[in-house]
Amino acid sequence: LVAACAVDAHSFVLPVAYGVLETESDESWTWFLHNLRRAIAHPNGLVIHTDACKGLEVAVDNVFPGVEHMECMCHLAANFMKKFKGKVYTDNLWPASLTCSAKKHNYHLRQLYMNPKVKEYLETHQSKLWARSQFSEVSKVDYVHNNLAESFNSTIRKLK
């Protein structure tokens with residue numbers, strides 16, 4: 001069971017679409033996103049915020065070309081911290097994501113990039129937006145996590 005959720009002007013979560021997929025694949029996600037696009041079109045400022053689901057990234061790029069595609073910082077941080085441990089990482093990864101200032105973002109990245117493997121890792125594994133300083137002002141979205149989907153999923157967990 002998959003769903004697309006949105007946030008209204010009062011920051012309330014509302015389901016926009018849902019579907020049942022046979023499996024998480026390019027084909028299944030493409031089907032779901034085509035149906036979502038039929039329902040909502042491709043409005044200016046549309047943001048799609050995802051977790052790392054198999055096939056989803058490719059489907060988003062194909063069905064919604066040019067959309068602002070954000071990656072969940074919670075998942076990014078969890079994966080990052082499995083590979084890189086230490087105070088410099090815990091003190092700079094989240095602040096790099098949360099600041100709206102490009103100058104502060106770059107400061108935290110410089111701290112992280114003291115280890116050249118960090119830069120390589122982020123450039124290789126994190127191709128989507130994950131830092132507020134990189135977000136478009138058109139969308140008015142400042143979430144760096146995917147708690148919308150997590151909240152919706154926890155609400156329907158028993159039904160699933």
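The table that follows gives values for the structure above.
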read-out	value
Residue match in the stretch 127-143 (condition: over 24 Å from ALA41 (Cα atoms) and touching a His at 6+ places or on another chain (Cβ under 6 Å))	yes
Matching residues in the stretch 76-100 - criterion: being farther than 18 Å from HIS145 by Cα and not in a helix (DSSP H, G or I)	PHE84, LYS85, GLY86
Conditions (1) open to solvent by less than 80 Å² (accessible area, probe 1.4 Å); (2) more than 15 Å from the chain's Cα centre (by Cα); (3) modelled with pLDDT under 90: number failed by GLY55	(2)
Residue satisfying condition, being outside the structural domain of LEU109 (by the TED database), free of Cβ contacts under 8 Å to residues at least 12 places away in the same chain and not charged (D, E, K, R), within set HIS34, HIS10, HIS49, HIS42	HIS10
Within the stretch 76-94, tally of residues that are of a type in the set (Val, Ile, Thr) and open to solvent by 70 Å² or more (accessible area, probe 1.4 Å)	1
Filter result (within 16 Å of ALA3 (Cα to Cα) and part of a strand (DSSP E or B)) within the stretch 30-68	VAL47, ILE48, HIS49, THR50
Search result, residues across the stretch 108-126 that are open to solvent by 80 Å² or more (accessible area, probe 1.4 Å) and either polar (S, T, N, Q) or within 18 Å of ASP51 (Cβ to Cβ) (or both)	THR124, HIS125
Criterion (over 22 Å from GLN134 (Cβ atoms), within 14 Å of the chain's Cα centre (by Cα) and open to solvent by less than 70 Å² (accessible area, probe 1.4 Å)) met by exactly one of ALA4, ALA17	ALA4
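The values are calculated or read from the model by the stated rules, or taken from the named source; none is laboratory data. Just so it is clear, the model here is predicted, and its values are computed rather than measured. Positions of Cβ are generated from backbone atoms using ideal geometry, with glycine treated the same way; all protein chains shown enter the neighbour counts. What goes into the accessible areas is simple: the full protein's heavy atoms, side chains included, and nothing from ligands, DNA or RNA. Shrake-Rupley method; radii C 1.70, N 1.55, O 1.52, S 1.80 Å.
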